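Down below is the structure, laid out as structure tokens.
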Amino acid sequence: MNPDGLRQLSIEGCELIGRGAHACVYRIAPDEIVKVYREDIPFDRVLTEKQRAKRAFILGVPTAISFDIVKVGSSFGAVYELLDAEPTDSYVNRSRDNLENFIDMSVDLLKFIHGIDADTAECADMKADHLKWADNTEHLIGVHEADVIRELIRGIPDSGKLLHGDFHLKNIIIVKGKPMLIDMDTLCYGDPIFDLATIANSYWIFPQMAPEAATVHLGISVEDALHIWKRTLSSYYAGASSEDLAKIERKARILGLLRIIDFAQRSAPPEHREHLTTQGVSMLKEAIG
Ligand SMILES: Nc1ncnc2c1ncn2[C@@H]1O[C@H](COP(=O)(O)OP(=O)(O)O)[C@@H](O)[C@H]1O
Ligand SMILES: [Mg+2]
């Protein structure tokens, strides 16, 4: 696909309905949105996300239908079906029942996705990626720590099951009482622990680094975010002993921190890089013990 021939789309006068780390989302028709990417996001990445969104839809993941890729000014945009719903943070903040209901629904959705055989040609291999990240960050985290992490990763069973890779509240939209998933940029495959690690990052580790990760980015309190993490873990591994849960949580924390440190080197905005790296490395060393 050639990015030169894309049609220009104007978002003048369109309602802004959402914002994420990579894009702003505008309603362009009663049932369509355009996801307008940051100017620095290249065409390849937009195309990969669209292909993964289509793949997820075909594999049966409840998600928005993807339409075409367009230009919006100098940025790329991707047109999707509108999932018309109340923002999930306001749903969760309205009552304790809603919060608990959200956790139940998202754990069910997570288990459903983890039962699907991924298309391994189109998605990233999480086990291989984590091994790469351990190598890439060895100079920051230390040789001993990198060895411990590589051993931990090698001990995780191989799996070709689908993972979302960024499974948090802002990527889950509750439509007519059913959760749907968006933002397929990170669609990948592997053992469930890799998804649990990104969930730990969203609700537990990032908010420990800076409370705004919960209060601004997720739109919920740090306490509720922590509660979502703890109950997601215990519901996902229902029946596990508290000792086993503590072991799984430690593993998720180590993998999550590895991902953050690698991300900080490759993709974090320069003003956040040093802080994320220093904090991430010290939390990782503590978690490894
Ligand atoms: N298809 C959609 N229907 C309704 N809202 C959406 C849709 N896609 C995205 N949004 C809204 O826009 C926000 C950002 O979109 P997302 O794809 O997650 O971007 P990013 O990659 O920047 O995280 C979401 O949290 C959600 O509120
Ligand atoms: Mg998102």
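The values are calculated or read from the model by the stated rules, or taken from the named source; none is laboratory data. Source: prediction; values computed, not measured. Glycine also receives a Cβ, built like all others from the backbone with ideal geometry; neighbour counts cover every protein chain displayed.
Going residue by residue through region 3-18, is there one that turns out to be assigned to a helix (DSSP H, G or I), among the aliphatic types (A, V, I, L, M) and either within 14 Å of ligand 2 (Cβ to nearest atom) or without any contact (Cβ under 8 Å) to a residue 60 or more places away in the chain (or both)? Don't jump to the end; show me each part of the working.
The initial filter retains those residues of region 3-18 that are assigned to a helix (DSSP H, G or I), namely 3-5.
Filter again for among the aliphatic types (A, V, I, L, M), leaving none.
Looking for residues that are assigned to a helix (DSSP H, G or I), among the aliphatic types (A, V, I, L, M) and either within 14 Å of ligand 2 (Cβ to nearest atom) or without any contact (Cβ under 8 Å) to a residue 60 or more places away in the chain (or both), one finds none in region 3-18, hence no.
Restricting attention to region 123-134, does a residue exist that is part of a loop (DSSP other than H, G, I, E, B) and either among the charged types (D, E, K, R) or over 16 Å from Thr198 (Cβ atoms) (or both)?
no
Within region 240-289, being at pLDDT 95 or above and outside any helix (DSSP H, G or I) holds for Ala240, Ser241. Within region 49-97, can you find the residues that are within 15 Å of ligand 2 (Cβ to nearest atom), farther than 19 Å from Pro30 by Cα and either in contact with a Pro (Cβ under 8 Å, 6 or more places away or on another chain) or not β-branched (Val, Ile, Thr) (or both)? Within region 49-97, Glu49, Lys50, Arg52, Ala53, Ala56, Asp89 meet the criteria.
Kindly check whether there is at least one residue in region 52-65 that is under 23 Å from Ser267 (Cα atoms) and either surrounded by fewer than 17 Cβ atoms within 10 Å (Cβ to Cβ) or among the β-branched types (Val, Ile, Thr) (or both). Before the answer, list the steps.
Within region 52-65, the subset under 23 Å from Ser267 (Cα atoms) is 52-53.
Checking the rest, the ones that are also either surrounded by fewer than 17 Cβ atoms within 10 Å (Cβ to Cβ) or among the β-branched types (Val, Ile, Thr) (or both) come to none.
No, region 52-65 has no match at all.
Here region 45-68 is the region considered, the condition is being of a type in the set (Val, Ile, Thr) and not in a helix (DSSP H, G or I), and the residue that is nearest to Gln8 (Cα to Cα) is Ile65. For the residues Glu32, Glu39, the requirement of being surrounded by fewer than 16 Cβ atoms within 10 Å (Cβ to Cβ), under 22 Å from Lys176 (Cβ atoms) and away from ligand 2 (no atom under 16 Å from the Cβ) singles out Glu32. Might you let me know whether region 88-95 holds any residue that is of a type in the set (Lys, Arg), out of contact with any strand residue (DSSP E or B) (no Cβ under 6 Å at 6 or more places or on another chain) and at pLDDT 95 or above? Taking every residue of region 88-95 in turn, at least one turns out to be of a type in the set (Lys, Arg), out of contact with any strand residue (DSSP E or B) (no Cβ under 6 Å at 6 or more places or on another chain) and at pLDDT 95 or above. Every condition in (1) under 17 Å from Thr186 (Cα atoms); (2) more than 16 Å from ligand 1 (Cβ to nearest atom) is met by Pro62 except one, and the failing one is (2). If you check Lys35, Lys71 for being more than 15 Å from ligand 1 (Cβ to nearest atom), assigned to a strand (DSSP E or B) and not aromatic (Phe, Trp, Tyr), only one passes: Lys71. Every condition in (1) among the β-branched types (Val, Ile, Thr); (2) outside any helix (DSSP H, G or I); (3) within 16 Å of ligand 1 (Cβ to nearest atom) holds for Ile156 except the one numbered (3).
Being more than 14 Å from the chain's Cα centre (by Cα), surrounded by fewer than 24 Cβ atoms within 10 Å (Cβ to Cβ) and among the hydrophobic types (A, V, I, L, M, F, W, C), is that true of even one residue in region 198-212? Within region 198-212, one or more residues are more than 14 Å from the chain's Cα centre (by Cα), surrounded by fewer than 24 Cβ atoms within 10 Å (Cβ to Cβ) and among the hydrophobic types (A, V, I, L, M, F, W, C). Exactly one residue out of Ile149, Ile153 is touching a His at 6+ places or on another chain (Cβ under 7 Å), surrounded by 16 or more Cβ atoms within 10 Å (Cβ to Cβ) and under 24 Å from Ile248 (Cα atoms), and it is Ile153.
Return the residues of region 240-285 that are acidic (Asp, Glu), within 17 Å of Gln208 (Cα to Cα) and over 21 Å from the mean Cα position of the chain (by Cα); say none if nothing qualifies.
Pass one, region 240-285, residues acidic (Asp, Glu): 243-244, 249, 262, 271, 274.
Cutting the leftovers down to within 17 Å of Gln208 (Cα to Cα) gives us 249, 274.
Within region 240-285, Glu274 is the sole residue that qualifies.
Scan region 216-226 and tell me whether some residue there is surrounded by 15 or more Cβ atoms within 10 Å (Cβ to Cβ), on the phi > 0 side of the Ramachandran plot and either at pLDDT 95 or above or in the same structural domain as Ser282 (by TED's automatic domain parsing) (or both). For region 216-226, residues surrounded by 15 or more Cβ atoms within 10 Å (Cβ to Cβ), on the phi > 0 side of the Ramachandran plot and either at pLDDT 95 or above or in the same structural domain as Ser282 (by TED's automatic domain parsing) (or both): present.
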